[in-house]
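Asks: First the structure, which I've put down as structure tokens, then a few questions once you've had a look.
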Amino acid sequence: MSDGILVVGLNHATAPVNIRERITFPGDESGQVTRLFREIAQIQEAMILSTCNRAEVIAASDRPADASEEVIESIARIHGVEREPLRAYLYVKTGKEAVQHVFRVASSLDSMVVGEPQILGQVKDGYRRAADANATGPILNRLLHRAFFTAKRVRNETGVGAAAVSVAYVAVELAGKILGELRDKSVLLIGAGEMAELAARHLAGKVEKPIQVTNRTFENACSLARKLEGRPVPMDRLEEGLADADVVITSTGSCEPIITAARVRTVMKRRRYRPVFLIDIAIPRDVEPQVNDIDGVYVYNIDDLQAVADENMGERRHEALRGESIVLEEVDKFLNWTTGLDSAPTIVALRDKFEKIRSGEMEKSNGKLASLTPDQRRTVEIVTRGIINKIAHDPISFLKKTGTESKRNLHLDVAQKMFKLDGLALDANLEEDEFLDT
Amino acid sequence: MELVFYKIAILFYIAASLAYLLFLLLSSGSSAPIAFWCAAAGFVAHSLSILHRAIFSGFFPLATPFDAVSCFAWIVVGIFIVVRYRDPSPIFGSIAIPLAAVLMLFGSTLAYQVDQPLVPILRSWWLPIHVTLALAGNAVFALMAVGGLMYIFQERLIKRKRLGRLHKLLPSLEILDSINRRGLPLGFFFLTLGIISGALWAGSVWGYYWTWDPKETWSLITWFAYAAMVHQRAALGWRGKKAALLAILGFVLVMFTFFGVSLLMGGHHAFKSVVAGTTVP
């Protein structure tokens, strides 16, 4: 069955941004577009995954080779683009490769920024839309639940999403490591600039007090303060600002350092030696290098922060390798399941089906059986149960017999088809997974 | 047989220490909870051991060096367990539990027999009060020293911009400093009460409150050292690295007063007097 899993899509590695922003499957809010793919003749189940770096159709098909052509055709048609030029940006994966791909995507190992946490939610959204539109079935259910499980394992067992990889996040994390809880801390922004603003914005999300903004020209301070919902402070009251703030971001165009060691020493006394974190984004530097030697003062410039971010990125890549081996492990488990190496689910499903038929029939005859005494009723129960057990006995022992793998596959497949077990067998196995936990 | 609970506790503490070590080396997420539960199991066994000793000796089990060290380790682990509910970061346990394990191993080499019945002077309610207060002070100072050591490591890493694995494992400077900030008054409070209770006990037995016995002298020196720390912290705003260094130095003094004085200098705190009955100052 795993041969029947098909992935057609493009991502940041195969398509430039101008293509990616065109292929977005618009109008799929309630799964209508997903339905279009589901309605392709060779496709039994389908879902769409669409993010700003990725657009994919994941499908279960009995003839994946034919189906992939149809899928490409549909993608082209939906987005009103030519099919042939589009093909160059697409990847088509089937079977094991497709399973591995889905698991890697969900685990954020295939992301542009490896380990970024949003992708799992996006996969869940796509799956939920498809499930709501009745476009999924046993195979995709199982595939996606295993994908969520794998993603959870990768997240818990490796550090792939652990370390901050952007300068602004590194700054926020570091502020936490120095100052502890940031909620009651105050932030001072000196000067302006894109990076400074970004760092301030990230910090603003963590602190309750409005950010203080100061600038050589007070008007600029006012307008930036408005943007950051902060409070402007005139430059001549910088010393007071420094005495008050726990995190200082500086990014002025000054040629001379505006924060000198002598100045910081006086300020520290006024602060009663409360620690302070100085983030120097300016070039040339706003903070004298000797300031870092003062007790309780921690100075990081943009290069320091970048170096930490790079190091964290390297660590993520290293952790990603561990993630890959978890993915491979889970892919194997999944394939074992689909190729029916494990006959248990089929047997369980078979029993369930028989029991369902029995109890269904009993229910139907409820009226006619109303005159029976409880004892007689119990006897009927026992007799009917005995009948189905007898009927089920031979097929079940047949399925349990260990033959060659291919023979067993065939037997399980025939049994599943003969008794229409697909849905049951798969659903019975889903209970064990924890999924959709966010 | 008589120390069976104690031995079980040691085994659990060692297992917990190894699990914490594993956590530090591999940052394997699953070993930290295992370590904690081992430590908790050890704590239960340890509590039973103390209870057992109490029944065995017929009184509060603090009269031998063995019992004193055991009780000391017990308080350290107890504080750790309380702290862990406030800060679940495993790093604190990675230091507190091995510390307890070492104390326990050391304790197991010490004399624990109470051959003769306790001398009457030790069969007093002053014994548990005095010793528990003194040990509680020691335990708080021990954990402050541990926090101080961690602070110094973490602060060095941040200053030198080496934000690797160790940096990520260690708690924030603020949390580490708060161990000092909260521990200092608490430990000082216990130490003060420990000294006062000792003096009152001596007064009630001998009529002299203070005899300049070596332990008393060194306890007083320790008291002045911590009093100075409290002053520096409260009045001059000493915090962070300076406070961490002082906590470590202070603890060296505490350890000398606790072990060194008893073992080297004698006096009525030397445990041998407990059984020999020569408790006259």
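Asks: When the residues of the range A:187-201 are narrowed to those that are of a type outside the set (G, A, S) and closer than 17 Å to A:I283 by Cα, which ends up farthest from the chain's Cα centre (by Cα)? Walk me through how you get there before you give the answer.
Replies: Restricting attention to the range A:187-201, the residues satisfying the condition of being of a type outside the set (G, A, S) are A:187-190, A:194-195, A:197-198, A:201.
Applying the additional criterion that residues be closer than 17 Å to A:I283 by Cα yields A:189-190, A:194-195, A:197-198.
Details: A:L189: 34, A:I190: 37, A:E194: 29, A:M195: 27, A:E197: 28, A:L198: 24 Å.
My answer is A:I190.
Yes/no matrix, rows are residues, columns are (1) over 30 Å from A:P275 (Cβ atoms); (2) more than 14 Å from chain A (Cβ to nearest Cβ); (3) assigned to a helix (DSSP H, G or I):
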position: B:S204; (1), (2), (3): yes, yes, yes
position: B:W212; (1), (2), (3): yes, yes, no
position: B:I221; (1), (2), (3): yes, yes, yes
position: B:Q232; (1), (2), (3): no, no, yes
position: B:K242; (1), (2), (3): no, no, yes
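Asks: Let me ask something else about it. Is it the case that A:S74 is modelled with pLDDT of 90 or more and out of contact with any Lys or Arg (no Cβ under 8 Å at 6 or more places or on another chain)?
Replies: yes
Asks: Would you confirm whether or not the range A:139-162 contains a residue that is touching a helix residue (DSSP H, G or I) at 6+ places or on another chain (Cβ under 9 Å), over 23 Å from A:L335 (Cβ atoms) and β-branched (V, I, T)?
Replies: Yes: the range A:139-162 contains one or more residues that are touching a helix residue (DSSP H, G or I) at 6+ places or on another chain (Cβ under 9 Å), over 23 Å from A:L335 (Cβ atoms) and β-branched (V, I, T).
Asks: Right, another one. Within 14 Å of another protein chain (Cβ to nearest Cβ), surrounded by 13 or more Cβ atoms within 10 Å (Cβ to Cβ) and touching an Asp or Glu at 6+ places or on another chain (Cβ under 7 Å) - does that describe any residue in the range A:305-324?
Replies: no
Asks: Follow-up. Residues being free of Cβ contacts under 8 Å to residues at least 24 places away in the same chain and not in a loop (DSSP other than H, G, I, E, B): count how many of those fall in the range B:68-113.
Replies: 4
Asks: List the residue pairs whose Cβ atoms are under 9 Å apart, where the first residue sits in the range B:161-187 and is at the interface with chain A (Cβ under 9 Å from one of its Cβ atoms), the second is part of a helix (DSSP H, G or I) and among the basic types (K, R), and the two are 6 or more positions apart or on different chains.
Replies: Qualifying pairs under 9 Å: B:L163/A:K177; B:H167/A:K177; B:K168/A:K177; B:L170/A:K177; B:P171/A:K177; B:S172/A:K177; B:L173/A:K177; B:E174/A:K177.
Asks: Hey, does the range A:286-299 have a residue that's of a type outside the set (V, I, T), farther than 30 Å from A:H101 by Cα, within 13 Å of chain B (Cβ to nearest Cβ) and in contact with a Gly (Cβ under 6 Å, 6 or more places away or on another chain)?
Replies: Narrowing the range A:286-299 to residues of a type outside the set (V, I, T): A:286, A:288-290, A:292-293, A:295-296, A:298.
Of the ones still in play, those that are also farther than 30 Å from A:H101 by Cα are A:286, A:288-290, A:292-293, A:295-296, A:298.
Imposing the further condition that a residue be within 13 Å of chain B (Cβ to nearest Cβ) reduces the set to A:289-290, A:292-293, A:295-296, A:298.
With the extra rule that they be in contact with a Gly (Cβ under 6 Å, 6 or more places away or on another chain), the set shrinks to A:296.
Within the range A:286-299, one or more residues are of a type outside the set (V, I, T), farther than 30 Å from A:H101 by Cα, within 13 Å of chain B (Cβ to nearest Cβ) and in contact with a Gly (Cβ under 6 Å, 6 or more places away or on another chain).
Listed here are the residues, each with its yes/no results for (1) in contact (Cβ under 8 Å) with a residue 40 or more places away in the chain; (2) within 11 Å of chain B (Cβ to nearest Cβ); (3) more than 30 Å from A:I58 (Cβ to Cβ); (4) part of a helix (DSSP H, G or I).
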{"residue": "A:L144", "(1), (2), (3), (4)": "yes, no, no, yes"}
{"residue": "A:T150", "(1), (2), (3), (4)": "yes, no, no, yes"}
{"residue": "A:R153", "(1), (2), (3), (4)": "yes, no, no, yes"}
{"residue": "A:V160", "(1), (2), (3), (4)": "yes, no, no, no"}
{"residue": "A:V170", "(1), (2), (3), (4)": "yes, yes, yes, yes"}
{"residue": "A:E173", "(1), (2), (3), (4)": "no, yes, yes, yes"}
{"residue": "A:R183", "(1), (2), (3), (4)": "no, no, yes, no"}
{"residue": "A:L189", "(1), (2), (3), (4)": "yes, no, yes, no"}
{"residue": "A:A199", "(1), (2), (3), (4)": "yes, no, yes, yes"}
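Asks: Looking at (1) touching a residue at least 60 places away in the same chain (Cβ under 8 Å); (2) within 13 Å of chain B (Cβ to nearest Cβ); (3) within 26 Å of A:A200 (Cα to Cα), which one does A:L278 not meet, given that it meets all the others?
Replies: That leaves (1) as the condition not met.
Asks: Find all pairs meeting these conditions: Cβ atoms under 8 angstrom apart; at least six residues apart or on different chains; first residue within the range A:404-418 and surrounded by 15 or more Cβ atoms within 10 Å (Cβ to Cβ); second residue modelled with pLDDT of 75 or more and of a type outside the set (A, V, I, L, M).
Replies: Listed by first residue and then by second, the contacts come to A:H411/A:F398; A:L412/A:T346; A:A415/A:T346; A:A415/A:P395; A:Q416/A:T346.
Asks: Moving to a separate point now. Only residues that are crowded, with 24+ Cβ neighbours inside 10 Å and within 14 Å of another protein chain (Cβ to nearest Cβ): list them for the range B:139-153, please.
Replies: Result: B:G147, B:Y151.
Rundown of residues vs (1) of a type in the set (S, T, Y); (2) in a loop (DSSP other than H, G, I, E, B); (3) assigned by TED's automatic domain parsing to the domain that holds A:P117; (4) at negative phi, yes/no style:
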{"residue": "A:L10", "(1), (2), (3), (4)": "no, no, yes, yes"}
{"residue": "A:A15", "(1), (2), (3), (4)": "no, yes, yes, yes"}
{"residue": "A:N18", "(1), (2), (3), (4)": "no, no, yes, yes"}
{"residue": "A:R22", "(1), (2), (3), (4)": "no, yes, yes, yes"}
{"residue": "A:F25", "(1), (2), (3), (4)": "no, yes, yes, no"}
{"residue": "A:I40", "(1), (2), (3), (4)": "no, yes, yes, yes"}
{"residue": "A:A67", "(1), (2), (3), (4)": "no, no, yes, yes"}
{"residue": "A:I78", "(1), (2), (3), (4)": "no, no, yes, yes"}
{"residue": "A:E97", "(1), (2), (3), (4)": "no, no, yes, yes"}
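Asks: Here's something else I'd like to know. State the number of residues belonging to the range B:161-194 that are under 20 Å from A:L278 (Cα atoms) and of a type in the set (V, I, T).
Replies: Residues in the range B:161-194 being under 20 Å from A:L278 (Cα atoms) and of a type in the set (V, I, T): 1 in total.
The values are calculated or read from the model by the stated rules, or taken from the named source; none is laboratory data. Owing to the predicted nature of the structure, the values given are computational and were not obtained by experimental measurement. Cβ: placed from backbone, ideal geometry, glycine included. Neighbour counts: every protein chain shown.
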